[in-house]
Amino acid sequence: MSTAPVIELIEVGKTYETGETLVVALHPVNLQIRKGEFVAIMGPSGSGKTTLMNLLGMLDVPTSGKCLLKNRHIESLVDDELARLRSSCIGFVFQDFHLLDHSSVRENVALPLLYADASENSGRIDVLLKTMGIDSRADHNPNELSGGQQQRVAIARALVNDPDIILADEPTGNLDSTSQDQVMSVLRSLHDTGYTVVVITHEDDVSLHASRIIRMRDGRIVSDDVNTPPPIEKLVFPKPVMTPSKGKWRDGVFRLMTHAREAVRSLLMNKVSSALSMIGIIIGLAVVVSMLALVGSAGREIKKQLEALGKNVVVIRPQGIARLTVSDADMLKEKVKGIEKVALYSDGNGALSVGNKKWQCPLIGTTREFAEIYYTSEPLQGRFISQEDLKSKNNVVVIGRTIANNLFPEGENPVGRQVKLNRMDFTIIGVLPEKGFSLYGDRDNVAYIPLTTFMQRINKTPYLRMLFVQFAEEESLPQAGDNLQNAFKSTYPNLKPDKGSYFIDDSQQVRQAVNESSRTMSNLLLGVSSISLLVAGIGIMNIMLVSVTERTREIGLRKALGATRKELLLQFLIEAIVTSIVGGFFGIIFGIGINYLLSTFAHWEMYLSVWSILLAFGFSAATGVLFGMWPAIEASKLNPIDALRS
């Protein structure tokens with residue numbers, strides 16, 4: 001056996017502060033534990049043996065003195081550095097077993113691998129379980145095992161990383177005599193295999209199995225004796241085979257998947273708290289999805305209304321004694337650059353009838369260009385007014401959907417039917433698509449006829465009500481008003497401004513007002529959604545803080561087994577994110593259901609894009625990250641000793 005010390009304490013002492021009082025838990029001691037030794041540390045309660053164990057296991061650092069593990073000073077190491085050393089060098093066996101209730105035997109044994117540099121080592125786990133005689137219980141949970149079986153699981157867990165030292169704290173304290181003999185047989189066998197074993201105990205029959213017995217009292221080592229242990233039936237442990245790391249990327253994926261699996265299992269084991277957390281997210285995301293659908297629908301409707309105003313269109317109306325004539329359209333095309341189309345427009349009242357059915361509507365006389373400028377005036381059935389209709393002054397009419405619904409049976413195509421219009425026979429040549437209502441009334445209750453027919457047979461006047469001028473480029477609009485006014489002034493130099501003028505409307509102010517209203521509404525709805533998510537996030541944070549409190553022992557165990565602050569932070573953060581994502585999924589489904597009900601029963605046109613759903617899902621995950629961070633940080637800051645004692 002090598003005489004090199006694996007652990008060495010040089011004048012190591014530990015003092016705790018209790019308020020303003022200093023409590024000396026361990027007076028300066030000197031101790032060497034050599035590789036391959038079996039050491040029992042004994043003493044009554046308050047003797048300092050637990051403090052000494054914490055220092056030997058690097059769960060704590062000394063107040064004074066030097067502590068060396070394999071010739072490396074550990075008294076100045078930070079928490080994460082100590083965690084890494086514990087993971088690779090020390091295997092813990094606790095009196096209370098400290099097994100995770102919601103994990104199987106196999107998963108409990110594999111837990112230290114999550115924080116080690118080796119890969120999964122499933123083969124080694126199988127060998128350990130078989131050697132311990134618990135391979136048939138590998139898929140059982142700890143509450144289905146006896147005390148002796150649970151302690152053997154804890155020993156297998158301590159061995160899975162092939163540590164240098166097995167540190168057992170009162171390993172037989174909760175066992176009957178038969179189970180005690182089995183556990184001591186395992187520890188003796190490990191010692192014979194070459195492991196360094198340190199047992200903390202207050203039982204003489206346990207300490208007799210050690211080859212060296214250290215006794216403590218009042219924080220001091222009072223004796224350090226060599227012992228010859230009695231013969232005992234031992235187990236044969238195979239030579240450990242550790243699977244090397246498969247690379248940071250693959251090991252990182254393995255750990256991430258394990259953390260995610262642990263998070264899901266934790267959520268399933270705490271169904272009530274998980275459900276309470278998810279309810280907030282579900283409601284919040286349902287509100288977000290509904291609000292995004294409303295914003296999307298409003299945006300589409302506003303876009304339709306803006307498109308109904310025409311693209312790059314300027315409307316000209318005469319005022320006072322000023323008049324608009326057909327020739328003005330040609331004049332403007334000639335004098336103003338950039339004009340693409342000009343639609344002529346005049347209006348009046350129309351009385352339509354089919355048989356004994358009658359209907360009143362606005363009547364518009366216009367040209368083919370009107371439908372080209374306003375694409376919503378392109379018929380859904382039939383056609384619009386043509387140049388031939390204008391030239392021949394044909395008695396043809398294009399009607400809106402409201403007129404068609406009131407004059408003809410449902411499902412009947414009115415195109416080609418004869419209708420009386422102001423007591424004259426007209427042929428229906430087209431039916432416009434449904435446009436809905438606006439501030440000016442029903443946009444589907446309108447009829448269009450050729451301008452020439454309107455001026456000769458309906459209104460009998462050579463003057464127009466309006467001109468619709470469309471420019472080829474949007475850049476022409478800022479100067480359009482001045483250019484058009486100059487064209488009219490040069491054509492009608494004798495028209496005095498106080499007697500008559502031409503009002504030119506480019507609809508820019510209307511567009512700006514509509515867009516601003518849309519943005520305001522979107523911000524308002526998103527504000528409501530944000531408040532909903534804020535409330536949901538606070539709920540997640542509170543539940544996670546409670547979870548940290550309830551799982552303090554588990555956190556202490558994980559830190560003792562080598563979990564760093566970053567790894568604990570990641571685990572609890574993943575739990576919060578999983579809660580948010582699962583809740584977000586159901587929230588999106590709930591929100592889609594609300595949208596369906598609104599569109600079905602309230603007849604609201606709800607529009608929800610894939611982008612909106614992804615955005616809502618992103619909000620959900622972000623809520624988990626944001627509000628899960630504090631509980632995760634609190635969990636990562638816990639002291640392993642205090643956590644294990646809780």
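The values are calculated or read from the model by the stated rules, or taken from the named source; none is laboratory data. All values reported here derive from a predicted model rather than from experimental measurement. Cβ sites come from the backbone with ideal geometry, for glycine too, and all protein chains shown count toward neighbours. Accessible surface areas use protein heavy atoms only, side chains included; no ligands, DNA or RNA. Shrake-Rupley method; radii C 1.70, N 1.55, O 1.52, S 1.80 Å.
Rolling a 1.4 angstrom probe over the chain with all protein chains present gives an accessible area of which 56% lies on carbon and sulfur atoms. Sequentially through the stretch 630-646, phi angles give Karplus couplings (6.51, -1.76, 1.60; θ = phi - 60°) of 5, x, 5, 5, 4, 5, 5, 8, 5, 7, x, 5, 4, 5, 5, 7, 5 Hz, Gly and Pro residues having no value and appearing as x.
Considering every alpha-carbon pair of the stretch 61-162, the percent of pairs per 5 Å bin, from zero through the bin containing the longest distance, is 2, 13, 22, 20, 15, 11, 8, 6, 2, 0. With Cα atoms as the point set, the radius of gyration and Dmax of the stretch 68-109 evaluate to 13.8, 39 Å.
Note on the stretch 335-414: Rg/Rh from Cα positions, Kirkwood definition for Rh, rounded to two decimals, is 1.02. Residues in the stretch 20-145 average 40 Å² of solvent-accessible surface per residue, probe 1.4 Å, ligands and nucleic acids excluded.
In this structure, the amide hydrogen of THR63, modeled 1.01 Å from its nitrogen in the peptide plane, lies closer than 5 angstrom to those of GLY13, LYS14, THR15, counting only residues at least 5 positions away or on a different chain. Helix 477-491 and the longest principal axis of the C-alpha atoms of the chain enclose an angle of approximately 10°. For the pair VAL528 and ASN422, label points projected 7 Å from Cα toward Cβ lie 4.7 nm apart.
Go ahead and run the numbers for FRET between ASN356 and GLU434, Cβ-Cβ distance against an R0 of 22 Å, rounding to 0.05. With a Förster radius of 22 Å, E is 0.30. In the stretch 258-372, the C-alpha radius of gyration followed by the widest Cα-Cα span (Dmax) gives 29.6, 84 angstrom.
Computed from Cα positions, the angle between helix 147-159 and the longest principal axis of the chain comes to roughly 80 degrees.
Between the amide H of LYS35 and those of ALA4, VAL6, distances stay under 5 Å, these residues lying 5 or more places away or on another chain, with hydrogens modeled in the peptide plane. Of the three principal axes defined by the Cα atoms of the chain, the extents in descending order read 129, 51, 43 Å.
By DSSP, the beta bridges lying fully in the chain are antiparallel in about 70 percent of cases. With the convex hull of its Cα atoms as the shape, the stretch 104-169 has an orientation-averaged projected area of 4.4 nm². The peptide list 108-116, 95-103, 19-27, 591-599, put in order of mean Cβ contacts within 10 Å with the highest first, becomes 108-116, 95-103, 591-599, 19-27. A Cβ-based charge dipole, computed about the Cα centre of the chain with Lys and Arg at +1 and Asp and Glu at -1, lands at about 2560 debye. Grouping the Cα pair distances of the stretch 132-242 into 5 Å bins from zero gives a pair-distance distribution of 2, 10, 21, 23, 19, 13, 6, 3, 1, 0 percent in increasing distance order. Stokes-Einstein diffusion for the stretch 453-588, with the hydrodynamic radius set to the Kirkwood value over Cα pairs and evaluated at 20 °C in a medium of 1.002 mPa s, equals 94 µm²/s. Dividing the mean sequence gap of close Cα pairs (under 8 Å, 6+ apart) by how many residues the stretch 362-443 holds gives a relative contact order of 33 percent.
As a length-normalised measure over Cα pairs under 8 Å and 6 or more apart, the relative contact order of the chain settles at 17 percent.
Peptide packing: for 626-633, 464-471, the average count of neighbouring Cβ atoms within 10 Å per residue gives the ranking 464-471, 626-633, highest mean first. Taking label positions 7 Å along the Cα-Cβ direction at both GLN387 and ALA138, the computed distance is 8.6 nm, reported to one decimal. In degrees, nearest 10, range 0 to 90: what is the angle between the Cα axis of helix 271-308 and the longest Cα principal axis of the chain? Tilt relative to the chain: about 20 degrees. In the chain, the DSSP-assigned H stretches of four residues or longer account for a calculated mean residue ellipticity at 222 nm of -15000 deg cm²/dmol, using -39500 (n - 2.57) per stretch and the full residue count as denominator. Extension gain for ASP96 to VAL264 (0.36 nm times residue separation, less C-alpha to C-alpha distance): 57.9 nm. Note on PHE254 and GLU203: the extension gain reaches 14.2 nm, defined as 0.36 nm multiplied by sequence separation minus the Cα-Cα distance.
Measuring only protein heavy atoms, the 1.4 Å probe finds THR63 accessible over about 80 Å². Each Lys and Arg Cβ is given +1 and each Asp and Glu Cβ -1; about its Cα centre, the stretch 1-95 then shows a dipole of about 440 debye.
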